[in-house]
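Asks: My structure is below; once you've seen it, I'll send some questions.
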Amino acid sequence: MPQLANIGSSETHGPTALNRRAALALMALAAAGIVTPAQASADDGLSTEMILNDPADPKAGNAKGDVTIVYFFDYNCPFCKKTVDPLNKVVRADGKVRLVYKDWPILTSASIYGARLALAAHRQGRYGEAHHALMAIKGGRVEEDRMRKAVAGAGLDMARLEHDMKAKDAEITALLQRHGAQADALGLAGTPVFLIGPFLVASALDEAGFRQVISDARARDSN
């Protein structure tokens, strides 16, 4: 398992104890990659390039942004759901952030179903709608039926979605396996986790927290 380079930190500020001091660790992404050459290659999905730029990953924000946020989450994670609005507001207001979604369903079997729904929706260009519909469901143990109804309520073509879930099952499964392997390689213990520039943040940030870490990432990049 790779070692995180614990040579920097960033303070975040928010209204709760969780957000006043996020758990941050500086990773040597640009310098050496996330894992050693013996552990990873572009083919196995564990390289820095694949974590940041896997072509199969859904993305949002500014494709040419100067800061990338890689977001590991689960649709049954209450803390992930708390971050949706703050993250969206900051990405929209900033205008120079690139967001990469990493569906990482680790909490329940329904979490896997939710991830498959969202990734199938990506095939019709509607990942964002499915993602936000699933994140808007309150609670932490949401069942499959409620997930499907939420996605249907977001206006997706459900017949096409069901078809794509079956037809693209192998591709979706491979992507979820890559996400799991990437999370393991990074030593992640749970959701949510954000890679914001060179920082790993294992905390549910508020708007101020996101803005602070984005600012810290830009400052470090300019040094």
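The values are calculated or read from the model by the stated rules, or taken from the named source; none is laboratory data. No experiment lies behind these values; they were computed from the predicted model shown. Cβ atoms come from the backbone with ideal geometry, glycine included; neighbour counts cover every protein chain shown. Ligands, DNA and RNA are stripped out before the accessible areas are found, and what is left, the full protein with its side chains, is counted by its heavy atoms. Shrake-Rupley method; radii C 1.70, N 1.55, O 1.52, S 1.80 Å.
Asks: So which aspartates and glutamates pass the test for Lys81, namely a Cα distance under 15 Å, with those fewer than 8 places away in the same chain ruled out?
Replies: Cross-link targets: Asp103, Glu129, Asp206, Glu207.
Asks: Treating the beta-carbon of each Lys and Arg as +1 and of each Asp and Glu as -1, no other charges, what is the dipole magnitude of the stretch 92-222 about its Cα centre, to the nearest 20 debye?
Replies: 180 debye
Asks: Taking a threshold of 30 Å on the Cα-Cα distance, which of the pairs Lys59/Lys166; Lys96/Lys168; Lys64/Lys102 fall above it?
Replies: Check vs 30 Å cut-off fails for Lys96/Lys168.
Asks: With contacts defined as alpha carbon pairs under 8 Å and 6 or more residues apart, what's the relative contact order of the stretch 99-183 in percent?
Replies: Worked out over the stretch 99-183, it gives 35 percent.
Asks: Now for a separate question. For the stretch 121-161, what D do you get in µm² per second when you plug the Kirkwood radius from alpha-carbon pairs into Stokes-Einstein at 4 °C and 1.567 mPa s? Before the final figure, lay out the partial values.
Replies: Working: Rh = 10.3 Å.
Translational D for this selection: 126 µm²/s.
Asks: So how many Å³ per residue does the convex hull of the Cα atoms of the stretch 90-132 work out to?
Replies: 85 Å³
Asks: Rg to Rh ratio, the stretch 116-217, alpha-carbon atoms and Kirkwood radius?
Replies: In the stretch 116-217, Rg relative to Rh is 1.02.
Asks: Quickly rank 205-211, 61-67 as a protection proxy: mean count of other C-beta atoms within 10 Å, highest first.
Replies: 205-211, 61-67
Asks: Arrange the residues Lys82, Lys102, Lys89 by how much accessible surface each exposes, largest first, with a 1.4 angstrom probe.
Replies: Ranking Lys82, Lys102, Lys89 by accessible area, largest first, yields Lys82, Lys89, Lys102.
Asks: Take each of the peptides 167-176, 46-55, average the number of other beta-carbon atoms within 10 Å over its residues, and list them starting from the highest. Before the final figure, lay out the partial values.
Replies: Details: 167-176: 15.3, 46-55: 17.9.
Ranking the peptides 167-176, 46-55 by packing returns 46-55, 167-176.
Asks: Pull out the extension gain between Ala219 and Leu52, defined as 0.36 nm times the separation in residues minus the alpha carbon to alpha carbon distance; nm, one decimal.
Replies: So the extension gain works out to 58.2 nm.
Asks: Here is a follow-up. Between Arg146 and Asp66, what length comes free when the chain is fully extended (0.36 nm per residue of separation minus the Cα-Cα distance, one decimal in nm)?
Replies: 25.1 nm
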